[in-house]
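Derivation of every value follows stated rules applied to the coordinates shown; laboratory data play no part. What you see is a predicted model, and the numbers here were worked out from it, not measured in a lab. In this analysis, Cβ positions are derived from the backbone assuming ideal geometry, glycine residues included, and neighbour counts consider all displayed protein chains.
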């Protein structure tokens with residue numbers, strides 16, 4: 001620092017005048033050196049200083065210890081979390097570290113949206129860390145109740161990571177009701193609910209949506225989906241009746257009318273698209289107007 005830029009230290013300055021800048025520099029040096037060290041480690045070698053991260057978390061639970069540097073410490077923790085999440089092949093311990101770091105960030109700055117979303121999605125990549133991913137997103141949703149992305153990603157994890165389409169559909173339904181949510185969410189939610197063997201819930205959602213829809217194109221898309229969901233509901237009903245017929249008669253029915261004659265079905269439902277329901281030789285049923293059943297397509 002040259003003489004022009006130097007400023008005299010005022011007499012009688014409080015201790016914080018000297019202590020706080022020193023603490024700031026110390027924190028910056030420690031975190032920066034750690035990040036440089038982590039970058040220099042080859043993949044699969046070394047490890048995280050778990051005790052240090054745990055200490056960070058403990059301190060973040062007592063904001064008064066931050067000495068007024070909450071935003072600064074939040075940014076440092078997030079910078080480190082990004083470094084951890086950027087690993088090509090994260091180890092279980094790295095997932096644990098990422099989880100703690102996202103908690104550190106939110107403890108210091110609960111309104112910081114991105115760490116909740118990124119942390120939730122990355123943690124969800126590890127099957128053993130899905131509960132932590134959902135907890136992270138739940139915390140974010142608590143602080144940002146009008147942000148549709150939180151229930152959307154929670155539905156995504158329930159569906160793709162936990163294999164629970166019904167719960168996934170319910171979260172997507174919640175997301176679809178929040179301002180700014182994409183127009184496709186009601187349709188996607190209905191697909192999940194149908195696969196979760198809950199077509200009646202899907203129909204209830206779609207019926208409510210179509211009442212409030214004013215855009216003609218979206219209204220027609222929802223009306224088409226209602227018919228598709230109704231077909232799936234009828235097919236599930238017929239499948240259940242066929243299974244009951246088999247138990248009762250000891251064999252497969254020759255036609256859908258046999259289900260009515262045997263008393264296991266009151267009547268064969270009408271196909272909502274103007275077609276008919278067909279009993280195939282292999283004992284399955286389908287609609288004459290729909291080539292495929294309504295399912296959520298996902299990689300196996």
Selection from the stretch 239-260 of residues that are part of a helix (DSSP H, G or I), without any contact (Cβ under 8 Å) to a residue 12 or more places away in the chain and either surrounded by 11 or more Cβ atoms within 10 Å (Cβ to Cβ) or on the phi > 0 side of the Ramachandran plot (or both): 240, 243, 246, 257, 260
Filtered residue count, the stretch 125-140, keeping only those that are buried (at least 23 other Cβ atoms within 10 Å of the Cβ) and under 11 Å from the mean Cα position of the chain (by Cα): 3
Residue in the stretch 203-216 that is touching a helix residue (DSSP H, G or I) at 6+ places or on another chain (Cβ under 7 Å), closer than 24 Å to residue 259 by Cβ and part of a helix (DSSP H, G or I) present: yes
Test: residue in the stretch 154-172 that is under 22 Å from residue 101 (Cα atoms) and surrounded by 22 or more Cβ atoms within 10 Å (Cβ to Cβ): yes
Condition broken by residue 215, with the remaining ones in (1) surrounded by 12 or more Cβ atoms within 10 Å (Cβ to Cβ); (2) more than 25 Å from residue 156 (Cα to Cα) satisfied: (1)
Residue 162 being in contact (Cβ under 8 Å) with a residue 12 or more places away in the chain, touching a helix residue (DSSP H, G or I) at 6+ places or on another chain (Cβ under 9 Å), in a loop (DSSP other than H, G, I, E, B) and within 24 Å of residue 192 (Cβ to Cβ): yes
Yes/no for residue 188 being at negative phi, within 37 Å of the chain's Cα centre (by Cα) and in a helix (DSSP H, G or I): yes
